[in-house]
1. Students often check this: by mean Cβ neighbours within 10 Å, which of 16-27, 38-49 ranks highest, and how do the rest follow?
2. Got a sec to turn the phi values of region 92-103 into Karplus ³J(HN,Hα) couplings, 6.51 cos²θ - 1.76 cosθ + 1.60 with θ = phi - 60°, whole Hz, x for Gly and Pro?
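Coordinate-derived values only; no laboratory data. Only a predicted model underlies this, so the values are computations on that prediction, with no experimental measurement involved. Backbone-built Cβ (ideal geometry, glycine too); neighbour counts: all protein chains shown.
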Amino acid sequence: MFVGYDSSASFPGGMYKLQQYFKQNLIEVYGQGNASGVRGVYRFKITDYGYPEEVKVLRPGPFPDFDEQVLRFIREMPRWTPAVDWHASPYIFRDCVCTLPVQLPSRQVKK
């Protein structure tokens with residue numbers, strides 16, 4: 001596999017914050033109930049400006065509403081730090097494709 005960048009795109013605050021972003025948003029939508037353990041896999045491109053585009057479902061969740069909500073959350077994500085090619089002179093930002101599994105936690109605590 002060929003990768004045209006030296007530093008991959010990153011969510012503000014890292015992977016932990018990305019997990020929290022989805023956990024908070026999905027629990028707000030689904031609350032505590034029969035939807036626990038629901039899982040899907042999604043692909044999207046982070047542009048050279050850090051915005052998500054071309055959002056797709058790779059492996060759908062068990063019901064379409066879950067996929068629609070996750071796609072909406074991906075489109076509304078805050079701006080990422082884009083991938084960087086440090087070997088270019090001057091360095092340049094590049095598009096980066098990300099694959100993301102999203103799962104509702106088995107145990108949810110509703111506040």
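1. 38-49, 16-27
2. Once θ is set to phi - 60°, the couplings for region 92-103 become 10, 8, 10, 5, 9, 9, 10, 10, 9, x, 10, 9 Hz.
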